[in-house]
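Engineer: I have a structure I would like to understand better, so I am pasting it below and will then ask my questions one at a time.
The values are calculated or read from the model by the stated rules, or taken from the named source; none is laboratory data. No experiment lies behind these values; they were computed from the predicted model shown. Cβ coordinates were reconstructed from backbone atoms using ideal geometry, including for glycine residues, and neighbour counts include every protein chain displayed. Note: accessible area is taken over every heavy atom of the protein model, side chains too, but ligands, DNA and RNA are not part of it. Shrake-Rupley method; radii C 1.70, N 1.55, O 1.52, S 1.80 Å.
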Amino acid sequence: MKARTRVLILGAAGRDFHNFNVLFRDNDDVECVGFTAAQIPNIEGRLYPPELSGKLYPEGLHIWAEEELEQVIRDQRVDKCLLSYSDLPHSKVMLLAGRCLAVGADFELAAPEKTYLRSCRPVVATCAVRTGCGKSQVSRYIIDELQKRGKKCVLVRHPMPYGNLAEQAVQRFESYEDLATHKVTIEEREEYEQHIKAGTVVYAGVDYEAILRQAEKEADVVIWDGGNNDTPFYRPDLFICITDPHRVGHEQRFYPGDVCFRMADAIVINKANTAPAGAVEKLKEAAAKINPGAAVYVTDSDIVVDAPELVKGKRVVLIEDGPTLTHGGMAYGAGKFAAEKFGAGELVDPRPYLVGSMLLTYRKNLHLGKLIPAMGYYPEQIADLEASINAVPCDTVIIATPMDLRKIINIEKPATVVSYAVQDRDPPFLREEVDKMVKRCF
């Protein structure tokens with residue numbers, strides 16, 4: 001009898017669980033020994049629970065820190081490692097490959113086609129070349145256009161299960177109260193809150209087949225709202241990839257965003273209104289060269305604040321979207337452009353006032369400047385974020401995350417919230433792609 005291939009999944013609490021569920025959970029030819037975890041703080045040392053791991057793994061599966069990779073390969077006699085997380089420079093992918101190969105394990109990537117789930121409803125997937133390009137903005141635009149055409153949309157968000165995995169298997173969010181019920185992190189609130197505000201039901205969790213079957217019952221169209229720069233979990237009828245003119249060239253240098261760029265039916269060049277000179281044209285040239293069959297659309301990311309009088313002439317501190325700055329690699333976000341647009345007098349440097357885990361975040365991300373990333377993966381980090389913000393001597397706090405932080409922390413100074421939305425810029429318009437999809441699928 002042939003021995004089962006022993007596989008270790010390299011992940012970050014998201015794509016890794018999906019790949020296990022689809023490729024290995026019921027596969028008698030493979031023995032998955034567990035997972036490693038990276039990118040997100042404090043997600044290692046957990047168990048992928050028996051409630052989700054299936055009959056071949058009645059005791060669940062261990063999750064080790066990626067720092068232990070070589071030792072895990074040796075101790076668990078691993079034959080093959082499967083990379084299953086995203087927003088990695090190509091150099092990091094090859095570094096991981098080298099670490100695996102050096103201790104005797106093969107290193108593999110899974111083609112998106114092999115991990116797709118099929119839906120009985122049309123699926124629109126919004127993905128990107130990097131974290132922070134504007135996926136959720138584009139998803140809201142697509143939902144609005146489909147609603148104008150009489151179609152009910154339900155949004156399924158790429159996973160962020162950082163708590164009790166069994167309890168988070170299938171999550172449904174329709175109200176702000178649901179966010180509290182499911183004890184979501186700041187990062188999850190950033191992704192869900194704007195959709196809920198617009199009246200869209202959001203699903204997320206761990207078991208994405210169970211999620212899909214439930215979402216299909218209440219949707220005409222399923223919207224896949226991607227995470228980081230990952231490929232979709234569901235086979236799309238319309239595959240949209242969003243690019244960022246502030247990071248030209250990243251569409252060819254980061255995994256698997258480069259895959260999204262090559263596979264997309266439509267490429268959106270977002271943030272054209274704040275783009276450096278020549279950046280939009282360079283992205284058009286890259287699209288024509290790498291994915292000549294894709295339609296290309298150029299959009300603005302319109303930025304507004306709810307209290308511009310709190311910005312003009314004031315000394316402000318910027319609170320920016322955390323993942324965009326950390327594994328997204330940006331040195332700034334929408335808050336910077338809001339401060340410029342509405343005439344802030346001075347950007348106060350918060351770095352001398354940071355405490356605890358916020359200080360550690362800066363030490364790990366030396367490209368960050370005069371801003372505070374909204375990090376909140378666990379309660380102690382949220383407390384450090386609150387203390388750091390309140391210690392900064394400023395007139396106004398500019399909250400440029402996709403959620404209003406005042407709902408979960410006490411900000412002692414006047415604050416204004418930034419919002420941003422995709423706007424058509426020049427023809428052809430993205431809504432034309434929606435028309436094509438509706439004609440194909442209905």
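Engineer: Could you identify the single residue in Tyr141, Tyr192 that is modelled with pLDDT under 95 and either in contact with a helix residue (DSSP H, G or I) (Cβ under 7 Å, 6 or more places away or on another chain) or closer than 26 Å to Tyr297 by Cα (or both)?
Structural biologist: Unique residue meeting the criteria: Tyr192.
Engineer: Here is a follow-up. Which members of the range 168-192 meet the condition of being of a type in the set (A, V, I, L, M) and outside any helix (DSSP H, G or I)?
Structural biologist: Ala169, Val170, Val184
Every residue, every condition in (1) of a type in the set (Val, Ile, Thr); (2) touching a helix residue (DSSP H, G or I) at 6+ places or on another chain (Cβ under 8 Å); (3) over 21 Å from Ala180 (Cβ atoms), yes or no:
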residue: Asp349; (1), (2), (3): no, no, yes
residue: Tyr353; (1), (2), (3): no, yes, yes
residue: Leu360; (1), (2), (3): no, no, yes
residue: Leu368; (1), (2), (3): no, yes, yes
residue: Ala387; (1), (2), (3): no, yes, yes
residue: Ile398; (1), (2), (3): yes, yes, yes
residue: Leu405; (1), (2), (3): no, yes, no
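Engineer: So is Leu146 modelled with pLDDT of 90 or more and not in a helix (DSSP H, G or I) or not?
Structural biologist: Against the criterion (modelled with pLDDT of 90 or more and not in a helix (DSSP H, G or I)), Leu146 does not qualify.
Engineer: Check whether at least one residue in the range 86-105 is under 30 Å from Gln214 (Cα atoms), without any contact (Cβ under 8 Å) to a residue 60 or more places away in the chain and more than 23 Å from the chain's Cα centre (by Cα), and report yes or no.
Structural biologist: No, the range 86-105 contains no residue that is under 30 Å from Gln214 (Cα atoms), without any contact (Cβ under 8 Å) to a residue 60 or more places away in the chain and more than 23 Å from the chain's Cα centre (by Cα).
Engineer: Also: List the helices (runs of 4 or more DSSP H) that sit entirely inside the range 330-442 and contain at least 1 residues that are farther than 25 Å from Tyr297 by Cα and open to solvent by 60 Å² or more (accessible area, probe 1.4 Å).
Structural biologist: Filter on the range 330-442 gives 334-341, 356-364, 379-391.
Engineer: Would you call Gly322 assigned by the TED database to the domain that holds Ser357 and open to solvent by less than 20 Å² (accessible area, probe 1.4 Å)?
Structural biologist: yes
Engineer: Right, something else. Examine the range 187-199 for a residue that is within 30 Å of Ala294 (Cα to Cα) and more than 15 Å from the chain's Cα centre (by Cα), and state whether such a residue exists.
Structural biologist: Yes, the conditions are met somewhere in the range 187-199.
Engineer: Could you tell me which of the residues Tyr208, Tyr141, Tyr116 is within 23 Å of Leu238 (Cβ to Cβ), among the hydroxyl-bearing types (Ser, Thr, Tyr), open to solvent by less than 10 Å² (accessible area, probe 1.4 Å) and under 20 Å from the mean Cα position of the chain (by Cα)?
Structural biologist: Going through Tyr208, Tyr141, Tyr116 in turn, the sole match is Tyr208.
Engineer: Another question about this same structure. Within the bounds of the range 279-291, is there any residue that is in contact (Cβ under 8 Å) with a residue 24 or more places away in the chain, over 18 Å from the mean Cα position of the chain (by Cα), within 25 Å of Arg440 (Cα to Cα) and not in a helix (DSSP H, G or I)?
Structural biologist: Yes, that holds for at least one residue.
Engineer: Return the pair list, or none, for Cβ contacts closer than 6 Å from residues in the range 7-29 that are under 21 Å from Lys92 (Cβ atoms) to residues that are of a type in the set (Lys, Arg) and open to solvent by 10 Å² or more (accessible area, probe 1.4 Å), at least 6 apart or on different chains.
Structural biologist: Final answer for the pair search is Val7/Lys80.
Engineer: Quick one: which of Leu88, Leu56 is at pLDDT 95 or above, of a type outside the set (S, T, N, Q) and over 30 Å from Asp300 (Cβ atoms)?
Structural biologist: Just one listed residue meets the conditions, Leu56.
Engineer: Give the range 250-307 a look and list any residue that's surrounded by fewer than 18 Cβ atoms within 10 Å (Cβ to Cβ) and either touching a Cys at 6+ places or on another chain (Cβ under 7 Å) or at positive phi (or both), or say none.
Structural biologist: Gly278
Engineer: Also, I was wondering about something else. Just to be sure I understand the filter: pairs with C-beta atoms under 6 Å, separated by 6 or more residues or on different chains, first member in the range 208-224 and more than 17 Å from Met160 (Cβ to Cβ) and without any contact (Cβ under 8 Å) to a residue 12 or more places away in the chain, second member open to solvent by 10 Å² or more (accessible area, probe 1.4 Å) and not in a strand (DSSP E or B). Which pairs pass?
Structural biologist: The qualifying pairs do not exist here.
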